[in-house]
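Please read the structure below before turning to the comments.
The values are calculated or read from the model by the stated rules, or taken from the named source; none is laboratory data. Since this is a predicted model, take the numbers as computed values, not measurements. Positions of Cβ are generated from backbone atoms using ideal geometry, with glycine treated the same way; all protein chains shown enter the neighbour counts. For the accessible areas, the whole protein counts, side chains as well, though only heavy atoms, and no ligand, DNA or RNA atoms are used. Shrake-Rupley method; radii C 1.70, N 1.55, O 1.52, S 1.80 Å.
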Amino acid sequence: MNLPNKLTVLRVLLIPFFVTALLWEGGENQTLRYGAAVIFIAASLTDLLDGKIARKYNLVTNFGKFMDPLADKLLVCSALICLIELGQIPAWMVIVIISREFIISGFRLVASDNGVVIAASYWGKFKTTFQMIAVILLIVRLESLALVTNLCVWISVILTVVSLIDYLWKNHRVLTEGSM
């Protein structure tokens, strides 16, 4: 197993530790919440690192193509579901975010079956950035950053919808014609 794949597996293995730290004592232990934030940030950074290494050293594998996006979704969805449990984010927002991920994953699968590779868009990258920032701010739960946290959550939800619409608009022929 190459280094990028090991980093992807590490990201998945960090999820139970992250969830435990975040939910311990009903999420009331601020020290553990900081620990959860550190784990989430570290796991998120492995995503950047594994992709850069895989591309730079031509270490792209089928395992990595499959597991990397799955690991990302597992990490973010775990965080969002925990934040619902802690009463920090409404379920409908998480449903919107997770639904977008399922739709895009399905779309990419259809495109792949037709020999089409669909790259991530800038909207998707902005969405991911704001999602990560929002999740980290929600995890650390600082009253002094409540306005910024709420703003980041709303921006991430809006960008989720915008990126989905952009993605579908630019690639609708994958479904309607079977190719691009």
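Structure data summary
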{"item": "Arg55 being open to solvent by 50 Å² or more (accessible area, probe 1.4 Å) and among the basic types (Lys, Arg)", "result": "yes"}
{"item": "Count of region 51-79 residues which are over 12 Å from Thr8 (Cβ atoms) and in contact (Cβ under 8 Å) with a residue 60 or more places away in the chain", "result": "2"}
{"item": "Failed criterion for Pro69 (all others in (1) modelled with pLDDT under 95; (2) open to solvent by less than 40 Å² (accessible area, probe 1.4 Å); (3) touching a Lys or Arg at 6+ places or on another chain (Cβ under 9 Å) hold)", "result": "(2)"}
{"item": "Lys170, sole failed condition from (1) over 19 Å from Val96 (Cα atoms); (2) without any contact (Cβ under 8 Å) to a residue 40 or more places away in the chain", "result": "(2)"}
{"item": "Options Ile89, Ile41, Ile104; residue that is closer than 20 Å to Thr160 by Cβ and either touching a His at 6+ places or on another chain (Cβ under 7 Å) or not in a loop (DSSP other than H, G, I, E, B) (or both)", "result": "Ile104"}
{"item": "Residues of region 113-132 classified as more than 26 Å from Ala146 (Cα to Cα), of a type in the set (Ser, Thr, Tyr) and open to solvent by 40 Å² or more (accessible area, probe 1.4 Å), total", "result": "1"}
{"item": "Residue that is farthest from Gln131 (Cα to Cα), among those in region 97-113 that are at pLDDT below 85 and of a type in the set (D, E, K, R)", "result": "Asp113"}
{"item": "Unique residue being open to solvent by 30 Å² or more (accessible area, probe 1.4 Å), in contact (Cβ under 8 Å) with a residue 40 or more places away in the chain and in a helix (DSSP H, G or I) when the list is Val110, Val153", "result": "Val110"}
{"item": "Residue in region 121-132 that is farther than 27 Å from Gly35 by Cβ and assigned to a loop (DSSP other than H, G, I, E, B) present", "result": "yes"}
{"item": "Members of region 1-15 found to be within 13 Å of Lys52 (Cα to Cα) and open to solvent by 40 Å² or more (accessible area, probe 1.4 Å), listed by number", "result": "Leu3"}
